[in-house]
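Trainee: Before I ask anything, here is the structure I am working with.
The values are calculated or read from the model by the stated rules, or taken from the named source; none is laboratory data. Keep in mind the model is a prediction, meaning the values are calculated, not measured. Reconstructed Cβ throughout: ideal geometry from the backbone, glycine too, with neighbour counts over all protein chains shown. Just the protein is used for accessible areas: all its heavy atoms, side chains included, with ligands, DNA and RNA removed. Shrake-Rupley method; radii C 1.70, N 1.55, O 1.52, S 1.80 Å.
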Amino acid sequence: MNRLEGKRVLVTGAASGIGQATALRLLDEGAIVVASDVAEGGLDATRVRADEAATAGRLTTMPMDVGNEGSVIDGVSLAVETLGGLDSLVNAAGILRAAHTHQTSLELWNQIVGVNLTGTFLVVREALPALLANPRSAIVNFSSTSASFAHPYMAAYAASKGGIQAFTHSLALEYARDGLRAVCVAPGSIKSGITDATGGYIPKDADWTLFSRLMPILPTTVESSGTGMADPSVVAGVIAMLVSEDGAFITGTEIRIDGGTHA
Ligand SMILES: NC(=O)c1ccc[n+]([C@@H]2O[C@H](COP(=O)([O-])OP(=O)(O)OC[C@H]3O[C@@H](n4cnc5c(N)ncnc54)[C@H](O)[C@@H]3O)[C@@H](O)[C@H]2O)c1
């Protein structure tokens, strides 16, 4: 399918998990992609997979730390220059840390909010002039099921994702008449760097029964894992739809992709 032929897209957090799967899916559909991340080794892995798919000719990888304003200013400018403009932006970069809320330091709170919420704002702010230069453009931001449904020990993360949701709704109205759409995906239970590491962050004295509400009702699409975690490609395909003309009438909302966890 070549829904995105010639479309110029910047993807953050593209060294791993959902961001990497999204960059590869957009390339598969014909897009020209700048894949950015702080993890340069992971970006090399993204390039190897694009090579295997014979799409690497349309891929540029680029280090960018969304938690650092200077890095975002330089990075987005370089991405726009490399692509010769920008049609869509996918903000997948994010971190998850867990702690009892009464034991969450201000430093930890600021780290999580700084990368997830402030990082999303910074990349959007820097990308908007290039996006608005087109008659139609799209932003996909990453919320999470934790924005709307309780996730224990993850209050800072959930607050950052709720903030992204609210931010995205405001963007949608502010720029609708300029042809810009702004949408969130709200994934849950996707196998990735974040979910592989979550167990290590949960407090040792956590009440694990609280997580019984967070199980998908659909069988996993990762046949070998049996853990209920789905492959990142289930989110990547939805993002490809959202940035394509198939998503032309979707803005100011979030699409939950969680295997029915909160059905
Ligand atoms: N996996 C899930 O079930 C799930 C659920 C809800 C939301 N999400 C969101 O999906 C997005 C992608 O995460 P994932 O699950 O694929 O995890 P992941 O850890 O595999 O990918 C996250 C990527 O973000 C990058 N990153 C972290 N800090 C960065 C920074 N300061 N600047 C640039 N890049 C940075 C990491 O290096 C990594 O490559 C995140 O925003 C996450 O919060 C994931």
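Trainee: Using the alpha carbons of the stretch 28-163, what is the convex hull volume per residue in cubic angstrom, as a whole number?
Mentor: So the per-residue Cα hull volume is 125 Å³.
Trainee: If I ignore ligands, DNA and RNA and count only protein heavy atoms, how much of Glu174 is accessible to a 1.4 Å probe, in Å² to the nearest 10?
Mentor: Rounded to the nearest 10, that gives 120 Å².
Trainee: Send over a whole-number figure in Å² for the accessible area per residue of the stretch 79-164, probe 1.4 Å.
Mentor: In whole numbers, the stretch 79-164 has 38 Å² accessible per residue.
Trainee: Determine one quarter of the surface area of the Cα convex hull of the stretch 184-263, which equals its mean projected area, and express it in nm² to one decimal.
Mentor: 6.5 nm²
Trainee: Also, quick follow-up: Using alpha carbon centroids, what distance separates the stretch 98-126 and the stretch 132-208, in Å?
Mentor: 12 Å
Trainee: Take each complete run of DSSP H in the chain, measure how far its Cα atoms stretch along the helix's own axis, and keep only those covering 24 Å or more with mean Kyte-Doolittle hydropathy at least 0.0; list them.
Mentor: Flagged H segments are 155-175.
Trainee: Which length gain, in nm to one decimal place, applies between Ala248 and Asn110 when the Cα-Cα distance is subtracted from 0.36 nm times their residue separation?
Mentor: Length gained between Ala248 and Asn110: 46.2 nm.
Trainee: If you don't mind, another one. Just the number please: accessible area per residue for the stretch 1-63, 1.4 Å probe, all protein chains included, in Å².
Mentor: Roughly 40 Å² per residue, with all protein chains present.
Trainee: Per DSSP H run of at least 4 residues, take -39500 (n - 2.57); add these up for the chain, divide by its residues and hand me the 222 nm value, nearest 500 deg cm²/dmol.
Mentor: Result for the chain: -12500 deg cm²/dmol, rounded to the nearest 500.
Trainee: Rounded to the nearest whole Å³, what is the per residue volume of the convex hull around the Cα atoms of the stretch 109-191?
Mentor: Per-residue hull volume (Cα only) is 92 Å³.
Trainee: Between Ser212 and Arg125, 0.36 nm times their residue separation minus their Cα-Cα distance comes to what?
Mentor: Length gained, Ser212 through Arg125: 27.5 nm.
Trainee: On to the next question. So what is the accessible area of the stretch 167-239 per residue, in Å², with the probe set to 1.4 Å?
Mentor: Accessible surface, normalised per residue, equals 56 Å².
Trainee: Evaluate the relative contact order of the chain (contact order divided by residue number), counting alpha-carbon pairs under 8 angstrom at least 6 apart; express in whole percent.
Mentor: 20 percent
Trainee: Order His102, His151, most accessible first, counting only protein heavy atoms with a 1.4 angstrom probe.
Mentor: From most exposed to least exposed: His102, His151.
Trainee: Separate question: Across every pair of different alpha-carbon atoms, what Kirkwood hydrodynamic radius in Å does the chain reach?
Mentor: The Cα-based Kirkwood calculation yields 18.4 Å.
Trainee: Determine, from the Cβ-Cβ distance of Ala166 and Leu78 and an R0 of 25 Å, the FRET efficiency 1/(1 + (r/R0)^6), rounded to the nearest 0.05.
Mentor: According to the calculation, E is roughly 0.30.
Trainee: Mind checking which lysines have their Cα closer than 21 Å to the Cα of Lys191? Skip sequence neighbours fewer than 8 apart in that chain.
Mentor: Within reach: Lys161.
Trainee: What percentage of the solvent-accessible surface of the chain, computed with a 1.4 Å probe over protein heavy atoms, is contributed by carbon and sulfur atoms?
Mentor: Result for the chain: 55 percent of the exposed heavy-atom area is carbon or sulfur.
Trainee: From Cα pairs below 8 angstrom and at least 6 apart in sequence, can you work out the relative contact order of the stretch 145-263, rounded to a whole percent?
Mentor: 38 percent
Trainee: Next up: Mind checking the full-extension length gain between Asn2 and His262? Use 0.36 nm per residue of separation minus the Cα-Cα distance, one decimal, nm.
Mentor: 90.3 nm
Trainee: What number, in percent, do you get for the relative contact order of the stretch 117-173 if the mean sequence gap of Cα pairs under 8 Å and at least 6 apart is divided by its residue count?
Mentor: Taking the mean separation of contacting Cα pairs over the length of the stretch 117-173, I get 36 percent.
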